[in-house]
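We did not get these values from a lab; they are worked out from the coordinates using the rules stated. Keep in mind that what you see is a predicted model, and the values were worked out from it rather than measured. Cβ placement follows ideal geometry from the backbone for every residue including glycine, while neighbour counts extend to all protein chains displayed.
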Amino acid sequence: MDGPRSDRRSFLIGSAALALAGASPDNAPVRVAVVGTGARGCDLIRALSTVDGAEIAAVCDDYAPHLERGLSYAGPKARGFDDLAKMLKEIAPSALVIATPLDRHFAMAVEALEAGCAVLCEKTMCYSIDQARELATLVEGRKAVFQVGLQRRANAIYEQALAMVESGMLGTISAIECRWHRNNNWRRPVPVPRGDARWEALDRRLNWRLYRDSSQGLMSELASHQLDVANRLLGGPPKRVIGSGGIDHWRDGREVFDNVFCIYEYEVGDGAGRRTIRVTYSSIQNNAYEGASELVLGTKGTLLLTQSKGLFYREGGADDPNWAVREGRVERDASIITSGKTLKLSNDPWAHRGKPFEIESTGDDTRAELVAFIDNVRRKDPATICDARAGLVNAATVLIGNQAMREGRSVPFPEGLAGRPKRI
């Protein structure tokens with residue numbers, strides 16, 4: 001490769017090709033409606049408006065300013081509604097995209113399925129594990145097209161990472177570290193002063209993520225993406241989780257934790273080869289230094305993953321930990337003195353890193369997940385990139401983390417939700 005990038009290998013992957021695989025020859029547009037036109041809903045509407053084969057027939061929101069904004073992105077053919085039942089009856093869309101607060105996902109998904117719609121439901125699939133169980137059962141019984149909005153599954157970087165892990169490029173996985181760190185209080189402005197009689201209702205509406213009756217907090221809104229990555233890389237859900245969290249920095253009346261730290265234990269392999277891999281998850285809201293990323297640590301290499309770039313570092317001296325003097329020579333990063341002294345290894349965090357292999361993607365994973373969904377709808381194929389069963393496993397994974405933090409104990413993964421994990 002020419003130019004300043006010639007000192008490293010680079011993988012350039014087009015996610016559009018991944019999402020368009022198996023496209024249907026049927027050119028009839030899929031009539032799509034969107035319920036929920038807040039920030040995420042408008043992101044989805046804008047992306048949908050660029051997808052060939054999708055026609056935005058209607059948008060729905062019971063908050064007029066959001067509805068007006070959603071309509072401005074949806075195009076001239078879209079009608080606006082403030083009631084989901086009325087929209088489903090009058091528009092009869094082929095598919096519904098749900099981008100509402102979490103506590104509304106279950107009821108709206110059931111209503112859409114009963115109206116004969118395919119459904120793309122934003123993560124986390126449901127507010128509770130019981131709801132997620134019931135919804136997965138309904139979807140599977142109807143053989144409905146249903147997709148959960150975990151868009152890393154439409155991101156070519158994460159598909160490449162999965163292939164690298166499965167091929168053994170990282171060796172034996174030792175641990176995974178996931179983090180989503182931001183310096184932001186997560187609170188959105190309310191368009192009336194705090195003393196106004198309307199303030200509390202508007203605050204609950206606009207800042208629904210901060211309140212327990214409508215939100216499961218950082219775990220459902222952020223950890224859901226990253227723990228889905230861990231579940232996929234390790235071939236199944238965790239065995240148990242412990243955690244600690246609290247409202248320690250933003251004491252502004254919120255009810256969900258403003259910092260969370262969890263350790264998930266995964267059991268992989270079979271028989272005598274069975275072993276435990278630990279996945280750590282942290283999310284804080286008053287320091288953004290490490291941002292949002294996943295670090296997959298293996299005996300042969302390490303993968304640093306983000307939505308826009310991945311870096312693969314080979315593990316130097318993987319077959320020789322250099323813990324001894326050999327032929328009168330001390331290896332570069334280790335030394336040992338046998339007369340009662342202690343083994344000393346380099347603590348320099350960069351000492352073991354060479355130049356990385358890069359994995360890059362030019363795609364937009366939100367758009368790519370919508371392209372994949374529309375393709376499944378057109379082909380009436382329920383095998384979406386993240387079906388209801390995967391959504392159930394994901395919901396259980398994040399929700400037991402919240403339970404562990406609230407109750408101060410180890411919480412097992414619920415039985416009967418997924419098959420046995422693969423050998424990694």
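The C-alpha atoms of the chain define a longest principal axis, and helix 105-114 lies at about 60 degrees to it. Compared with the dominant Cα axis of the chain, that is its longest principal axis, helix 224-234 is turned about 50°. Placing +1 on the Cβ of every Lys and Arg and -1 on the Cβ of every Asp and Glu, with nothing else charged, gives segment 13-152 a dipole about its Cα centre of roughly 260 debye.
Please get the size of the charge dipole for the chain, origin at its Cα centre, with Cβ charges of +1 on Lys and Arg and -1 on Asp and Glu, quoted in debye to the nearest 20.
On the way: 56 positive and 54 negative charges, 128 e Å.
Computed charge dipole of the chain: roughly 620 debye.
Evaluated at q = 0.14 Å⁻¹, the base-10 log of the normalised Debye intensity for segment 13-152, with identical point scatterers placed on the Cα atoms, takes the values -0.63. Placing a pseudo-label 7 Å from each Cα along the Cα-to-Cβ vector at residue 197 and residue 134 gives an inter-label distance of 3.6 nm. With each label modelled as a point 7 angstrom along the Cα→C-beta vector, the residue 72-residue 306 pair spans 3.0 nm. Of the peptides 152-162, 109-119, 268-278, the order by per-residue mean of other Cβ atoms within 10 Å, starting with the highest, comes out as 152-162, 109-119, 268-278.
Within the straight-line cut-off of under 17 Å between alpha carbons, the aspartates and glutamates reachable from residue 86 are 61, 62, 111, 114, sequence neighbours fewer than 8 places apart in one chain being disregarded.
Between residue 50 and residue 114, what FRET efficiency comes out of the Förster formula 1/(1 + (r/R0)^6) with R0 = 41 Å and r the beta carbon distance, rounded to 0.05? Don't skip to the answer; put the middle values down first.
On the way: r = 30 Å, r/R0 = 0.73.
In this case the efficiency is close to 0.85.
In segment 348-424, taking the dipole from charged Cβ atoms about the Cα centre, the farthest positive-side position among 376, 416, 395 is held by 416.
Would you work out which of 273, 35, 148 lies farthest towards the positive end of the dipole of the chain, given +1 charges on the beta-carbon of Lys and Arg and -1 on that of Asp and Glu, about the Cα centre? The residue sitting farthest along the positive end of the dipole is 273.
Using C-alpha pairs below 8 Å separated by at least 6 residues, the relative contact order for the chain is 23 percent.
Please give the helix 64-74 orientation as an angle from the longest Cα principal axis of the chain, in degrees from 0 to 90, rounded to the nearest 10. Compared with the principal axis, the helix lies near 80 degrees.
Remark: segment 93-98, residue by residue, has Karplus-estimated 3J(HN,Hα) of x, 6, 9, 10, 9, 9 Hz, where x stands for each Gly or Pro and the curve is 6.51 cos²θ - 1.76 cosθ + 1.60 at θ = phi - 60°.
Over 25 Å between C-alpha atoms is what I'm after, so list which of 239/309; 123/355; 143/309; 123/239; 239/355; 77/143 land there. In this structure, 239/309; 123/355; 143/309; 239/355; 77/143 lie more than 25 Å apart at Cα. Cross-link partners for residue 380 among the aspartates and glutamates, with Cα-Cα distance under 15 Å and sequence neighbours closer than 8 places in the same chain left out: 26, 140. Derived scalar couplings between HN and Hα for segment 44-56 equal 5, 5, 4, 5, 4, 5, 9, 8, 4, x, 10, 10, 7 Hz in order, rounded to whole Hz, by the Karplus curve 6.51 cos²θ - 1.76 cosθ + 1.60 (θ = phi - 60°), x for Gly and Pro.
Give the residue from 263, 75, 195 lying farthest towards the positive end of the charge dipole for the chain; charges sit on Cβ (+1 for Lys and Arg, -1 for Asp and Glu) and the dipole is referred to the Cα centre. My answer, from the dipole projection, is 263.
Extension gain residue 295-residue 381, at 0.36 nm per residue separation less the Cα-Cα distance, in nm?
Details: separation 86, 0.36 × 86 = 30.96 nm, distance 3.34 nm.
My answer for the length gained is 27.6 nm.
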